[in-house]
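**Q** This is the structure I have questions about; it appears just below.
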Amino acid sequence: MNKNYYAILMAGGVGSRFWPVSTTEFPKQFHDMLGSGSTLIQKTFSRLSKLIPAENILILTNERYNDLVLEQLPMVNPDQVLLEPAMRNTAPCILYASLKIQKMNPDALMVVAPSDHWIEDENAFCNNLQHCFDFCEKENALMTLGIQPTFPNTGYGYIEYSKLDATPIKKVAQFREKPDYETAKTFLESGNFLWNGGIFIWSVTSIVSAFEKFQPQMNALFQSGKDSYNTPSEKQFIEANYAKAENLSIDYAVMENAANVYVLPATFDWNDLGTWSSLHEKLDKDDQNNAVVNATVILENASNNIIRTDGKKLIVVDGLDDYIIVDKDNVLLIYPKSKEQDIKRITALATKK
């Protein structure tokens with residue numbers, strides 16, 4: 001295994017659209033969302049460790065999830081868990097982790113990956129990742145794995161590349177914000193647009209140089225603590241300074257500004273499991289397109305539903321079509337899938353009660 005390969009596993013999100021299963025105290029990355037026998041973070045760590053030494057995988061998460069990470073990934077040394085004392089989006093935590101890695105190994109090649117996505121063809125994923133590592137080892141490049149769009153999704157950002165680019169790795173023309181439905185349809189028809197799945201690959205030298213160029217203030221803040229990184233004084237520096245960083249995504253902070261951005265269209269299947277509908281897509285269904293997790297069910301005149309409970313509870317459904325039915329602890333959610341984008345708002349209302 002190549003000792004120069006590193007990973008930053010992003011595990012600080014809340015996944016509020018999966019309420020009531022995913023909560024602030026116990027977010028979706030720590031759940032076995034598909035009944036596979038492993039939680040999403042366990043699956044992601046296992047997938048990355050096929051190519052990257054386990055000791056080179058850093059987990060970025062909120063302080064409150066430290067115990068959950070160590071419980072679910074017992075092979076991880078506590079020093080591999082980087083704790084964010086404040087929520088500051090993806091750019092600050094990626095810069096912080098990159099500077100730690102650069103101090104460990106200035107020849108490092110890195111992948112940044114979300115902890116809560118579902119990828120079934122792990123061999124294809126590893127082959128794609130290896131292709132990116134090989135490219136970034138030779139070139140000053142900021143890379144991303146673009147997902148082949150399967151329908152005009154308005155919930156993802158898109159990556160545009162030139163139609164004339166016939167090479168496997170393509171120069172990015174521009175990143176496009178989440179479109180409306182008609183715009184998304186034109187993207188698919190064009191054939192040179194990919195979903196932005198939030199998986200990034202680069203050398204540590206390239207990403208640190210990009211932060212120096214495009215985010216000098218943030219770079220100066222985290223560079224000021226470089227002497228403390230990988231020492232006992234690191235925790236004190238991060239607790240005192242992390243919250244001073246601007247709240248920026250890596251896309252906005254770096255990727256949308258840089259000229260040396262490339263994309264490899266992914267050959268693996270991918271699902272970001274961002275909503276109950278996306279989970280419904282990945283689960284086995286009955287003849288009426290109902291997906292069931294854990295529950296024992298009696299279904300009559302019921303179709304296109306997703307039903308999930310804890311502890312094999314018996315659920316009887318009659319006359320519902322295209323609903324989310326989730327029983328978790330003291331919460332029962334019965335909600336139309338067509339309105340699932342409102343679950344985040346409902347979650348905020350419910351947590352106030």
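**Q** Take the Cβ-Cβ distance between Asp165 and Asn123 as r, set R0 to 30 Å, and report the resulting FRET efficiency rounded to the nearest 0.05.
**A** 0.70
**Q** Using the Cβ atoms and a cut-off under 15 Å, what net charge is assigned to the surroundings of Glu177, where Lys and Arg are +1 and Asp and Glu are -1?
**A** Details: positive: Arg176, Lys178; negative: Glu160, Asp180, Glu182, Asp251, Glu256.
Charge balance in the 15 Å sphere: -3.
**Q** Lys313: which lysines have alpha carbons under 17 Å from its alpha carbon, excluding same-chain residues fewer than 8 sequence positions away?
**A** Cross-link targets: Lys328.
**Q** Turning to a different aspect of this structure: Residue farthest toward the positive end of the dipole of the chain, with Cβ of Lys/Arg at +1 and Asp/Glu at -1: which of Ser190, Val204, Ser38?
**A** Of the candidates, Val204 comes out farthest on the positive side.
**Q** For region 11-34 and region 229-256, what is the separation of their C-alpha centers, rounded to whole Å?
**A** The distance from the Cα centre of region 11-34 to that of region 229-256 comes to 24 Å.
**Q** List the pairs from Lys50/Lys282; Lys163/Lys244; Lys28/Lys100; Lys50/Lys103; Lys3/Lys170; Lys28/Lys163 whose alpha-carbon separation is above 31 Å, in the order I gave them.
**A** Flagged as over cut-off: Lys163/Lys244; Lys28/Lys163.
**Q** Separate question: Distance in nm between label sites at Ala259 and Asp227, each 7 Å beyond Cα in the beta-carbon direction?
**A** It works out to 3.7 nm between the two label points.
**Q** Related question: Would you work out the charge dipole size for the chain about its Cα centre, treating the Cβ of every Lys and Arg as +1 and the Cβ of every Asp and Glu as -1, and quote it to the nearest 20 debye?
**A** On the way: 33 positive and 44 negative charges, 131 e Å.
Dipole of the chain, to the nearest 20 debye: 620 debye.
**Q** Give the Debye-formula value of log10 I(q)/I(0) at each listed q (0.14, 0.19, 0.21, 0.25 Å⁻¹), with one equal scatterer per alpha carbon of region 81-177, two decimals each.
**A** -0.74, -1.32, -1.47, -1.50
**Q** Another question, if that's okay. How big is the chain in terms of Cα radius of gyration and Dmax, in angstroms?
**A** 20.9, 65
**Q** Between Asn271 and Gln217, how high is the FRET efficiency from 1/(1 + (r/R0)^6) when r is the Cβ-Cβ distance and R₀ = 35 Å? Nearest 0.05.
**A** 0.45
**Q** For a quick check, take a GNM of the chain with Cα springs below 10 Å and name the residue from Ile94, Ile334, Ile59 with the largest mean-square fluctuation.
**A** Evaluated over the chain, the most mobile residue of the options is Ile334.
**Q** With springs only between Cα atoms under 10 Å apart, run a GNM on the chain and tell me which of Ile119, Ile298, Ile159 wobbles the most.
**A** In the Gaussian network model the winner is Ile298.
**Q** Would you mind computing, in nm to one decimal, how far apart the modelled labels at Arg64 and Asn105 are, each placed 7 Å from Cα along Cα→Cβ?
**A** 3.4 nm
**Q** In nm, give the distance between the simple-model label positions of Asp322 and Asp342, each being 7 Å from the Cα along the Cα-to-Cβ direction.
**A** Taking the two extended label points, one gets 1.4 nm.
**Q** Here is a follow-up. Enumerate by residue number the GluC sites (Glu not before Pro) in region 138-179 meeting two conditions: DSSP loop (anything except H, G, I, E, B), and at most 16 other Cβ atoms within 10 Å of the site's Cβ.
**A** Glu139, Glu177
**Q** Still on this structure, I have one more. Just report the Cα centroid separation between region 67-123 and region 259-337, whole Å.
**A** 29 Å
A short reminder: the numbers here are calculations on the coordinates, not readings from a lab. Computed from a predicted model, the values in this text were never measured in an experiment. Cβ: placed from backbone, ideal geometry, glycine included. Neighbour counts: every protein chain shown.
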